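Presented below is the structure to which this report refers.
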Amino acid sequence: MWLILAFLSAALLGCYDSLKKKALKENAVIPVLFLNTLFSSLIFLPFIVLSGTTTWLDGTVFQVANGGWEVHKYILLKSVIVLSSWVLGYFGMKHLPLTIVGPINATRPVMVLIGALLVFGERLNLWQWVGVMLAVLSFFMLSRSGKKEGIDFRRDHWIWMIVGAAALGAVSGLYDKFLMASPEDGGVGLDRMMVQSWYNIYQCFMMLAMLMLLWWPHRQKTTPFHWSWAVIGVSVFLSTADFMYFYSLSLPGAMISIVSMIRRGSVIVSFLFGAAFFHEKNLRAKAIDLALVLLGMIFLYIGSH
């Protein structure tokens, strides 16, 4: 069951990345990110209110547990990690082709794997190791494809922003496993709906501060903001993808290294969007990189059974 949820999350995440690229086109990054966190918060706010004031959601997958500072301090830290990743990722995605950003993000599970091996003692079999190696190979091939578009992976600061976003995303993935795992397994054992609901709200307030302090005073001198309906789509697809992701991690036997790798399969969806709607270049070479990522997903799926 956790594998099915991980694959569904990956498909929705690909739609999220594509709509994010659309929302950021010739648009100011900070207001777009603030609105994304705002709409995501509005999606989960009713669940918080209903869970705290009624019994309607008791016993359902949408119930949000209560907790004090001893719980919220962990969620607040997650908000900081995720928002830092998003800020870097949004700026990088605005200035880079979607068919470059997607495969780079697909290497995130390799970082998660290293952490999972060191922190949680997870062990992969031969099939899974082959899948990881294919993902690593795809990254190096992608750097060669990028050179044909004038993108130097070593000197382009937008590339480094995407890499930084991927690294922080990997940290967030490992932290999620820590939050979801029971105390007996070395974790905190937090309610997944509580984590997802409140970390969105904390991020919204953080982005509001960034909006008022960093963007608003200089809005006349920077890229202007214009409304795009894709902003709402970003929040809806991300919230649904994350819901399935957290639900997957909360199930017995779920491995963060495998779930994270499957989620990066979202690159397939975003690649198709980049080719069909953004008319990006050098697709044949990038398709080979994408095929390696897909093949890696298959090896991981076989190895998990």
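The values are calculated or read from the model by the stated rules, or taken from the named source; none is laboratory data. Fair warning: this is a prediction, and the values are worked out from it, not measured in the lab. Cβ coordinates were reconstructed from backbone atoms using ideal geometry, including for glycine residues, and neighbour counts include every protein chain displayed. For accessibility, only protein heavy atoms count, side chains too; no ligands or nucleic acids. Shrake-Rupley method; radii C 1.70, N 1.55, O 1.52, S 1.80 Å.
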(request) Could you figure out which of (1) part of a helix (DSSP H, G or I); (2) touching a helix residue (DSSP H, G or I) at 6+ places or on another chain (Cβ under 6 Å); (3) at pLDDT below 75 isn't true of residue 122? (result) (1)
(message) For a quick check of your reading: which helices (runs of 4 or more DSSP H) sit entirely within region 229-305 and have at least 3 residues that are touching a residue at least 60 places away in the same chain (Cβ under 8 Å), under 14 Å from the mean Cα position of the chain (by Cα) and buried (at least 23 other Cβ atoms within 10 Å of the Cβ)?
(response) 230-250, 256-263
(request) Please state which of the following conditions residue 272 fails to meet, knowing it meets all the rest: (1) farther than 23 Å from residue 1 by Cβ; (2) modelled with pLDDT of 90 or more; (3) aliphatic (A, V, I, L, M). (result) (2)
(request) Could you tell me whether region 178-185 includes any residue that is at pLDDT below 90, closer than 30 Å to residue 42 by Cα and aromatic (Phe, Trp, Tyr)? (result) yes
(request) Determine the pairs where a residue that is in contact (Cβ under 8 Å) with a residue 12 or more places away in the chain, located within region 199-210, has a partner that is part of a helix (DSSP H, G or I) and open to solvent by 20 Å² or more (accessible area, probe 1.4 Å) with Cβ atoms under 6 Å apart, the partner being 6 or more residues away or on another chain. (result) 202/76; 204/38; 207/34; 210/30
(request) Read through the list (1) open to solvent by 50 Å² or more (accessible area, probe 1.4 Å); (2) over 25 Å from residue 29 (Cβ atoms); (3) touching a helix residue (DSSP H, G or I) at 6+ places or on another chain (Cβ under 7 Å); (4) assigned to a loop (DSSP other than H, G, I, E, B), then give the number of the only condition that residue 225 fails. (result) (2)
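Residue by residue, here is whether (1) open to solvent by 30 Å² or more (accessible area, probe 1.4 Å); (2) touching a residue at least 24 places away in the same chain (Cβ under 8 Å) holds:
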{"residue": "127", "(1), (2)": "yes, yes"}
{"residue": "151", "(1), (2)": "no, yes"}
{"residue": "155", "(1), (2)": "yes, no"}
{"residue": "171", "(1), (2)": "yes, yes"}
{"residue": "177", "(1), (2)": "yes, yes"}
{"residue": "188", "(1), (2)": "yes, yes"}
{"residue": "196", "(1), (2)": "no, yes"}
(request) Answer yes if at least one residue in region 74-81 is among the basic types (Lys, Arg) and open to solvent by 50 Å² or more (accessible area, probe 1.4 Å), and no otherwise. (result) no
(request) Scan (1) of a type in the set (D, E, K, R); (2) free of Cβ contacts under 8 Å to residues at least 60 places away in the same chain; (3) crowded, with 21+ Cβ neighbours inside 10 Å for the single condition residue 70 breaks and write down its number. (result) (3)
(message) I want to confirm something. Restricting to region 149-183 and keeping residues that are under 25 Å from residue 242 (Cα atoms) and charged (D, E, K, R), which single residue is farthest from the chain's Cα centre (by Cα)?
(response) 177
(message) If residue 56 meets every condition in (1) surrounded by 14 or more Cβ atoms within 10 Å (Cβ to Cβ); (2) not in a helix (DSSP H, G or I) apart from one, which number is that one?
(response) (1)
(message) Among the residues in region 41-49, are any in contact (Cβ under 8 Å) with a residue 24 or more places away in the chain, within 17 Å of the chain's Cα centre (by Cα), closer than 26 Å to residue 167 by Cα and open to solvent by 40 Å² or more (accessible area, probe 1.4 Å)?
(response) no
(message) Could you check region 24-37 and list, in sequence order, the residues that are surrounded by fewer than 18 Cβ atoms within 10 Å (Cβ to Cβ) and modelled with pLDDT of 95 or more?
(response) none
(request) Go over the candidates 142, 211 one by one and state the one that is modelled with pLDDT under 90, aliphatic (A, V, I, L, M) and part of a helix (DSSP H, G or I). (result) 142
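Please specify each residue of region 88-109 satisfying the condition of being open to solvent by 30 Å² or more (accessible area, probe 1.4 Å) and at pLDDT 85 or above.
Within region 88-109, 88, 91, 94, 95 meet the criteria.
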